[in-house]
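The values are calculated or read from the model by the stated rules, or taken from the named source; none is laboratory data. What you are looking at is a predicted structure, and each value in this text was computed from that prediction instead of being measured. Because the Cβ atoms are built from the backbone with ideal geometry, glycine has one as well, and the counts that use them run over all protein chains shown. All accessible areas refer to the heavy atoms of the entire protein, side chains included, with ligands and DNA or RNA removed. Shrake-Rupley method; radii C 1.70, N 1.55, O 1.52, S 1.80 Å.
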Amino acid sequence: MTLAPLTRPLRLRAGDKAAIVAPSGPVPDDRLDEGLEILRSWELEPVVMPHVRRRHDRFGYLSAYDGDRARDLTEAWCDPTVSAVICARGGYGAQRMTDRLDWTSIRAAGPKVFVGYSDITALHEAFATRLGLSTLHGPMIGALTFLKDEATRESLRATLFEPESARVLGLPEARALVPGRARGITFGGCASLLAADLGTPHSRTSARGGLLLLEDVGEEDYRIDRILTQLLRGGLMDGVTGVALGSWAECGPYEQVREVLRDRLTGLGVPVVEELGFGHGATNLTVPLGVPAVLDADAGTLTLEEPALR
């Protein structure tokens, strides 16, 4: 089955409510507070869900118990006054609570803006496969990149409020690993999370016609090799039209990482662009998932055929 465009939510406007959730790890209070102030400066009204400032009493890498994190997200989504749900941080834990979400109620509540990356890839995939909803692979408000990098903040702000102005994505350092142009439907995110999703309930069975986005953090070269090999063997790359690579922060010398990427991806016979500018790097551009786009590896750009939000 060829990927089709997903339902795009409505853009945000001044005065809209944005619910803040922590589906994965705990977020430091000072970073959360700084991120909330940035949202307020955009004239959004942030609503911090009850368990965002909590920490699991046995597993400190989780922000709260699985049921509580799932309840926060479900209640945020089903609140008719909320226009967007934005994640506070990544880390680990989204997979543990994905199946605890009330998907029937979430579907009935209709489309809303959803923002996050890293561990949140598990939820991007769930929203795509269970709801047919386009989401935003973009910064969490408690992430240092969002707090310190103006380009990261502006990319998200423009996508949320003025999506027509954010249709061409890429950084000056982006370049072709495999030259060429390709059109497809954007999907993907953190490579290790995509690999972990294979074979789970509601996971993708085909990504034919997709433009695959890949990035990761803290993975050594042999582990990146293993992750990409698993994605290849699991069929997720069968029929993809192109690959856009983001950052590989804390993954060792990039020249070494590049050789692994080249070895594992050039056999696909599709255009591949590296260092496009999304993920765990110094700048994290917001990339909509589930929308038609053109990848120009030679120009180092990803151009959306329609705005991310309606």
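Some points to look at:
- Asp68 vs. criteria outside any helix (DSSP H, G or I) and more than 21 Å from the chain's Cα centre (by Cα): no
- The set of residues in the range 171-222 that are of a type outside the set (A, V, I, L, M, F, W, C), open to solvent by less than 30 Å² (accessible area, probe 1.4 Å) and under 14 Å from Ala244 (Cβ atoms) comprises Gly180, Gly184, Thr186, Gly188, Gly189, Gly210, Glu215, Asp216.
- Residue pairs whose Cβ atoms lie under 9 Å apart, separated by 6 or more positions or on different chains, with the first residue in the range 163-183 and more than 13 Å from Ala297 (Cβ to Cβ) and the second crowded, with 19+ Cβ neighbours inside 10 Å and among the acidic types (Asp, Glu), are Leu171/Glu275; Glu173/Glu274; Glu173/Glu275.
- Long-range neighbours under 7 Å by Cβ, at least six apart or interchain, first residue in a loop (DSSP other than H, G, I, E, B) within the range 117-132, second open to solvent by 10 Å² or more (accessible area, probe 1.4 Å): Gly132/Leu6; Gly132/Thr7
- Residue list for the range 227-240, filter: touching a residue at least 24 places away in the same chain (Cβ under 8 Å) and open to solvent by 40 Å² or more (accessible area, probe 1.4 Å): Gln230, Leu232, Gly234, Asp238
- Residue within the range 94-111 that is within 13 Å of the chain's Cα centre (by Cα), more than 23 Å from Asp57 (Cα to Cα) and free of Cβ contacts under 8 Å to residues at least 40 places away in the same chain present: no
- When restricted to residues that are in a loop (DSSP other than H, G, I, E, B), open to solvent by 10 Å² or more (accessible area, probe 1.4 Å) and either touching an Asp or Glu at 6+ places or on another chain (Cβ under 7 Å) or of a type outside the set (Asp, Glu) (or both), the range 23-43 contains 4.
- Complete set of residues in the range 126-146 that are open to solvent by less than 10 Å² (accessible area, probe 1.4 Å) and either over 18 Å from Ser203 (Cβ atoms) or of a type outside the set (A, V, I, L, M) (or both): Phe127, Ser134, Thr135, Leu136, His137, Gly138, Pro139, Met140, Ile141, Gly142, Phe146
- Residues of the range 292-310 that are surrounded by 24 or more Cβ atoms within 10 Å (Cβ to Cβ), out of contact with any Leu (no Cβ under 6 Å at 6 or more places or on another chain) and under 29 Å from Arg89 (Cβ atoms): Ala308 alone.
- Among the residues here, Asp68 does not qualify as of a type in the set (Asp, Glu), open to solvent by less than 20 Å² (accessible area, probe 1.4 Å) and within 18 Å of Leu101 (Cβ to Cβ).
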